[in-house]
Amino acid sequence: MRTLCKFGLLLSISFLVVPTLLCAQSITLKDGEQWFGGAVNEAHLMPFQDGYKLNMYGDVRGNQATPLLLSTHGRFVWSEEPFEFAFDKNALVITNAKAKIVVDSSGMNVRDAFLNASKRFFPAKKMLPDTLLFSRPQYNTWIELVYNQNQKDILSYARAIKVNGFPPGVIMIDDNWADYYGRFDFRSDRFDNARAMVDTLHQLGFKVMLWVSPFVSPDTEVFRELLSKKLLLFSRNGDQALTWKKADRPALINWWNGYSAVMDFTNPDAKKWFSGRLNYMVSQYHIDGFKFDAGDADFYPADAVSFSDASPNEHTRLWGEIGLQFPLNEYRAMWKMGGEPLVERLRDKQHTWVDLQKLVPHITTAGLLGYQFTCPDMIGGGEFGSFRDTKILDQELIVRSAACSALMPMMQFSVAPWRVLSKSNLAIVKNMVELRKGYTPYILELAKASASTGEPIVRSMEYVFPAQGFSEEKGQFMLGNKYLVAPVMTKGTLKEIHLPKGKWRDDKGKLFTGPRTINQNVGLDRLPVFELLDR
C-alpha cells in the first residue's frame, strides 16, 4: 500500500487511518483479489475491472451508495465522506477524499470484510421496518396510473387485486396526488373524499403508503412560507463568501418533473416542518407510511448555501433520517444509512431482459453496503416509458421477473398482471406469490436476524461460499445460507446453475452433490431452488 501525500507515513498494521485529506492512496491488489461496493446501481459491473472509476461526491448513481469498498481477500476501505476511486492495473487508487480513509486488512473473505466494516461503522439498529412489507406483496399505482393518480382508479386497482386472487398487502399511491409539490393535501379535482378512500383501502385489507419528495413547487403559497422561514436550500448566485444569514435566493433544482426548490434538512426547523406535514397526513387522512422518492445527491448543488455546511451526499442521508419515524417506509436514493430500519428499493428498471439481469447483482450488493431490507424494482420493470405501448410487452419477461422477485426480501407489483397477461401466465404469477408464502417464515426469520447482526437477507454466492470461484456469479443468489435461488433471466428455458460444494436437494426433490454445474430446461412455471443439506 502506498500513500502519496506530505505526511506519507506507511504502517504495517491491520488497518491504517490516513491523516490527511490531500492524499492519493494506492493499494496494491493481491493475486486474485476482487472488489465490490460504492454504488448499488453499478453492481452489474462488479467485481470491478481495470479502468473502472467513480467519484462518489455528489453521485449516488440514482440508488443507494455507501463510502465502502470490500474485497474477496477480506480487506475493506471506508471513509465517513465520499471519495473517488479507480482501478489502475494492479492498484486501487483513492483520491479526492473528503475525510480520513480507513483500510482494514484483518479479514479473510468478503463476509469478514463486511462484518468488520458494519460492526465498526454502521451497526444494525435492532429494528425492523413494518413486517407486512416482507410477508405480503406490495402494490404500487405508478405504472397503471402514472401521473393520473385519482380516487376512483386507485380503488379500482385495489379491488382488482383481490378479485384476481392476489392477497392484499401494502398499496402505494404514487406521484401527483397533490396540487403541487410541498402541499400536503389531496387534490380536490381527483379525490372527492381522500380519507374515505384510505379507510376503504384499510377495509379491503391494505395498508396505505403515499409518495413524497423533498421538493417544493415555486411560486406557491407553501413555497413563500418556507422561503420566509428560510427552510429551503439557497443558491450562492456566484458569491463564494455568501453566508446562510444573508442568502435570500432559493436554489431551483432541475429534476425529472421540472424545476423546484428543495427542503434544507440541515435546518432542524425544516425537519420539524416536513415531519409535521407527514404526521398531518397520518392524522387527517389515515395514511400509514410514505414512499420517500428523490433525495439524490446530484439534486443538491455542491455550492448551495444551507443552514449547516453539508455535502450533497449528506443532504441525501438527512433525507433518509426523515423516514426513521415511520416503520412503513421506502427509499430509492440513499447515502451511508446501512444498518437502519429503512426499506431500500432498487432503481427503476426498464422492461428489458438486460435490466432483469441486474436484479441479482444489485440486490446482493445492496446487502454488502448495509442495506438489508431491500425491494427489487417493480415486477416487469418500473420505468413507465417502457409500458406506453402494451403491444410490445413481453409476457415471458413479466413472468420471469415475478419469479426472480419471489424469494427476494420483498415483492412489488405495479403493472397489473391481470391486465397484461394471458390467463395461463397470470396463473403462473399467482403461483409465484403462493410459492413465496412457503418461504415467508424463513424470510421473516432472516429479516429479524439481520436487524440484530446486520447480515444480508439475500447474499451473493461469494459471500456464502468464498474462494470457490463465485466472485463473478450474477445469475443466482443465496436466501440466507440455506437456499440457492437460480431464476431464469434470459429469454427461453435454458439455465446454467452452479452448485457449490455440499449436498443439495432441488425444488423437485432431486439430490445433487457439488461442486457441479447443471444445465436445465426450466419451464416458465418454475423457479429453481436448491436447499443446502450438508456442507
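The table below gives the values:
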quantity	calculated
Share of Cα-Cα pairs in the chain lying beyond 38 Å, as whole percent	29 percent
Mean residue ellipticity (222 nm) of the chain, computed from DSSP H runs ≥ 4 via -39,500 (n - 2.57), nearest 500	-8000 deg cm²/dmol
Cα shape, the range 209-262, gyration tensor, a/c 1.5 rule	prolate
Extension reserve of the Lys503-Arg516 stretch, reckoned as 0.36 nm per residue once the Cα distance is removed	3.6 nm
Average accessible surface area per residue within the range 306-369, 1.4 Å rolling probe, Å²	25 Å²
Residue-count net charge about Met56 - beta-carbon cut-off 14 Å; Lys, Arg +1, Asp, Glu -1	-3
For the chain: relative contact order, % (alpha-carbon pairs under 8 angstrom, 6 or more apart)	14 percent
At R0 = 25 Å, FRET efficiency that the Cβ-Cβ distance of Arg249 and Tyr280 yields, to 0.05	0.30
Ordering of 145-153, 453-461, 175-183 by packing [mean C-beta count within 10 Å, highest first]	453-461, 175-183, 145-153
Difference of contour (0.36 nm per residue) and Cα-Cα distance, Ile392 to Lys100	100.0 nm
Local electrostatic count, Arg505, Cβ distance below 12 Å [Lys/Arg +1, Asp/Glu -1]	0
Computed Kirkwood radius, in angstrom, where 1/r is averaged over Cα pairs of the range 24-140	15.3 Å
Longest to shortest principal axis, alpha-carbon extents of the range 104-206, angstrom	61, 36, 23
Cβ crowding within 10 Å averaged over residues, with 480-493, 437-450 ranked highest first	480-493, 437-450
The range 391-535, Rg to Rh (Cα coordinates; Rh as Kirkwood inverse mean 1/r)	0.97
Lysines with Cα under 16 Å of Lys229, excluding same-chain neighbours fewer than 8 positions away	Lys245, Lys246, Lys271, Lys272
Cα radius of gyration and Dmax for the range 146-232 (Å)	15.3, 51
Ranked by how many other beta carbons lie within 10 Å on average, peptides 202-213, 314-325 from highest	314-325, 202-213
Label point distance in nm, Lys53-Asn193, each placed 7 Å from Cα along Cα→Cβ	6.2 nm
Leading residue at positive end of dipole, the chain (Cβ point charges), from Tyr180, Tyr147, Gly509	Gly509
Cα shape, the range 377-441, gyration tensor, a/c 1.5 rule	oblate
Antiparallel bridges, percent of DSSP beta bridges restricted to the chain (to nearest 5)	75 percent
Whole-angstrom gap from the range 346-375 to the range 433-490, using each part's C-alpha centre	13 Å
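The values are calculated or read from the model by the stated rules, or taken from the named source; none is laboratory data. Not measured: the values here are computed from a predicted model. Cβ sites come from the backbone with ideal geometry, for glycine too, and all protein chains shown count toward neighbours. Accessible surface is based on the protein model in full, side chains and every heavy atom, while ligands, DNA and RNA are left aside. Shrake-Rupley method; radii C 1.70, N 1.55, O 1.52, S 1.80 Å.
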